[in-house]
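Notes for the one structure printed next.
The values are calculated or read from the model by the stated rules, or taken from the named source; none is laboratory data. Not measured: the values here are computed from a predicted model. Here the Cβ is made from the backbone with ideal geometry for all residues, glycine too, and neighbour counts use every protein chain on show.
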């Protein structure tokens, strides 16, 4: 137990270290841009945690991040790199929106699960295509998921500008291509008056625990992880590696699709352009920060939810484009994957641990 | 349309194809060196974005295209240094670290663009360089010799990189390091050094490819300027089976198809706009599916080399 605790503390120390390194490099960019990094970071880090609005918005952003992050963790666990979150979210959102608009008469208890399932199916198909191409045709999944992102985006635009466009939009012509408003029976309740935080957060956390159960308490999960850790051994043990690669990608894309569904029925109540604010890419950072563990992803997604809303607050406070936070996230990825040298190499690990134990 | 109209169209598409294939050639040849030495650099897209911005900025604010291009190459090299440090020295998982590099370049380019430029601005761009005598040749003259200097450089790069890779001692070392690093190490080749050189060289070429997009092709910068070309370049390395002339073939094929697609859009033939836009990405997926042969891949690709660890 004591060892376990030390292990967790050690992991956290490495993650915090990674984050600080990323902030340091981000500060250099800020200095190049002629902005005081302390002022910018104060607005980005302190402001969101000191207001109801900031905390509520952090949760709103944590929900899709959690779903995408868990999905990406599943893929990574089977050694598949899923960069297609963005496209999977968008297709999930459009499928969810179309389903809700097509079935307005259904009661809430039926319609909401159906809409979420629609998102899961659309995202799952998109992820599954990349998984299938990897398993059957050895197509590098990074390249295929990136290409599928561009294709999904065009399908998405075509649908919200064309067949699914809001009829009143056509009549009044506000110039914003979007679908009609979802029926009330498909919409999540808001939890706090005047804030956007909604009950989707409960669904997200339940799904996180379900995935944890699936991966660590079932044969399916054991096999999926075995495929990622030792594909050859898994193959000898009779596990159909190909099948698990495809299944992992279907699950991964499906969870991103659910993120899209929840965005539609929880936040925007319609499908519109710019619905996925790069959650597909931020989800990668969240997955890595959560150590590819569904339960680790929960705090990681709150943390990055705070960072995203912090970036917007920074933009308003010191006029630094929130795009900066993308580069900080990129650096976090670089730092986290680099920390494996310390985490996995026994030599460095021992040095680092003894240093850690001495100082604290 | 009669025969001469078809001929004119073919010449037009081919001329455009030669011009638009240049950035793919730069980026893909660079990526080829990186992969040949065993490092999969998936950050090409991000490097191209930053390169495109840097070149654009100096062409726009200082009216100095050459300085912009040189700085784009240097910035690309620095990004490569970062990638090499993370993936060679720190032995990070290359597939994911490349994505980190991509997001870093994307974010920095977007941030600096909004801060220093604000909105979309256009610049005069690189002039075409007509070569007296050659440009006036019938048909071929226009297709091959009516371009800016970077296009000639891109096409020159193909045989040069072939020569370097297959006919020089350094090229031999690169190939050895990418296929059997342990044997190379035993022979006294510095695996780390060669990998650093290849990743940095590859990233410099990616920076140049980005610069080409902003100062020689689009003559402007926008946050979606690169639009997946970096990833397409990586796909072309697979398509070309890690060979310079294979990459050239792939880049030309892709650019001709793309030129045809653009002509289709403006030709007035009724066809959904979204389908034509999606076409290049679908084409790349199909090409990847058809061309992938595992045996052509450098065997140590994505495997970090650890001298003390006998794996």
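Miscellaneous remarks
- Counting the residues of the stretch B:1-37 that are outside any helix (DSSP H, G or I) and modelled with pLDDT of 95 or more gives 1.
- Residue satisfying all of: in the stretch B:107-125; in a loop (DSSP other than H, G, I, E, B) and in contact with a strand residue (DSSP E or B) (Cβ under 8 Å, 6 or more places away or on another chain); surrounded by the fewest Cβ atoms within 10 Å (Cβ to Cβ) among these: B:120
- Scanning the stretch B:108-123 for residues that are in contact with a helix residue (DSSP H, G or I) (Cβ under 8 Å, 6 or more places away or on another chain) and more than 12 Å from chain A (Cβ to nearest Cβ), we see that the one that is nearest to residue B:214 (Cα to Cα) is B:123.
- Filtered residues of the stretch B:45-74 (kept if within 14 Å of residue B:30 (Cβ to Cβ) and away from every other protein chain (no Cβ under 11 Å)): B:47, B:48, B:51, B:72, B:73
- Matching option when the condition is at pLDDT 85 or above, within 14 Å of chain A (Cβ to nearest Cβ) and touching a helix residue (DSSP H, G or I) at 6+ places or on another chain (Cβ under 9 Å), among B:245, B:271, B:254: B:254
- Looking across the stretch B:126-135, the residues that are over 19 Å from the mean Cα position of the chain (by Cα) and surrounded by 12 or more Cβ atoms within 10 Å (Cβ to Cβ) come down to B:128, B:129, B:130, B:131, B:134, B:135.
- Only one of A:80, A:66 that is within 14 Å of chain B (Cβ to nearest Cβ) and crowded, with 24+ Cβ neighbours inside 10 Å: A:80
- Within the stretch A:341-351, the residues that satisfy the criterion of being without any contact (Cβ under 8 Å) to a residue 24 or more places away in the chain and either part of a loop (DSSP other than H, G, I, E, B) or buried (at least 18 other Cβ atoms within 10 Å of the Cβ) (or both) are A:341, A:345.
- Screening residue A:321 with (1) assigned to a loop (DSSP other than H, G, I, E, B); (2) out of contact with any helix residue (DSSP H, G or I) (no Cβ under 8 Å at 6 or more places or on another chain) gives one miss only, at (2).
- Qualifying residue in the stretch B:176-198 (condition: away from chain A (no Cβ under 14 Å), touching a residue at least 40 places away in the same chain (Cβ under 8 Å) and part of a loop (DSSP other than H, G, I, E, B)): yes
- Residue count, the stretch A:287-306 (criterion: assigned to a helix (DSSP H, G or I) and either touching a helix residue (DSSP H, G or I) at 6+ places or on another chain (Cβ under 6 Å) or under 16 Å from residue A:78 (Cβ atoms) (or both)): 13
- Test: residue in the stretch B:140-157 that is touching a helix residue (DSSP H, G or I) at 6+ places or on another chain (Cβ under 8 Å), assigned to a loop (DSSP other than H, G, I, E, B), surrounded by fewer than 14 Cβ atoms within 10 Å (Cβ to Cβ) and more than 14 Å from chain A (Cβ to nearest Cβ): no
- Residue that is farthest from the other protein chains (Cβ to nearest Cβ), among those in the stretch A:114-153 that are surrounded by fewer than 20 Cβ atoms within 10 Å (Cβ to Cβ) and farther than 18 Å from residue A:68 by Cα: A:114
- Taking the stretch A:12-128 as the region of interest, the helices (runs of 4 or more DSSP H) fully inside it that hold 2 or more residues being within 20 Å of residue A:204 (Cα to Cα) are A:52-77, A:85-102.
- Scope the stretch B:76-86; condition crowded, with 24+ Cβ neighbours inside 10 Å, touching a residue at least 60 places away in the same chain (Cβ under 8 Å) and within 14 Å of another protein chain (Cβ to nearest Cβ); matching residues: B:79, B:80, B:83, B:84
- Among the candidates A:221, A:280, A:257, A:266, residue that is surrounded by 14 or more Cβ atoms within 10 Å (Cβ to Cβ), assigned to a helix (DSSP H, G or I) and without any contact (Cβ under 8 Å) to a residue 12 or more places away in the chain: A:221
- Applying the criterion of being crowded, with 17+ Cβ neighbours inside 10 Å and touching a residue at least 60 places away in the same chain (Cβ under 8 Å) to the residues of the stretch A:24-40, the residue that is nearest to residue A:306 (Cα to Cα) is A:40.
- Residue B:181 meets the conditions (1) within 20 Å of residue B:301 (Cα to Cα); (2) at pLDDT 95 or above in every case but one. The failed one is (2).
- Test: residue in the stretch A:179-188 that is within 14 Å of chain B (Cβ to nearest Cβ), in a helix (DSSP H, G or I) and either touching a helix residue (DSSP H, G or I) at 6+ places or on another chain (Cβ under 9 Å) or at pLDDT below 95 (or both): no
- The residues listed here are A:206, A:165; of these, the one that is more than 13 Å from chain B (Cβ to nearest Cβ), out of contact with any helix residue (DSSP H, G or I) (no Cβ under 7 Å at 6 or more places or on another chain) and outside any loop (DSSP other than H, G, I, E, B) is A:206.
- Highlighted here are the helices (runs of 4 or more DSSP H) found entirely within the stretch B:213-311 that include at least 2 residues which are surrounded by fewer than 15 Cβ atoms within 10 Å (Cβ to Cβ): B:244-266, B:273-291.
- Taken over the stretch A:283-295, the criterion of being surrounded by fewer than 23 Cβ atoms within 10 Å (Cβ to Cβ) and farther than 20 Å from residue A:331 by Cα is satisfied by A:293, A:295.
- Residue check, residue B:78 farther than 18 Å from residue B:212 by Cβ, in a helix (DSSP H, G or I) and at pLDDT 90 or above: yes
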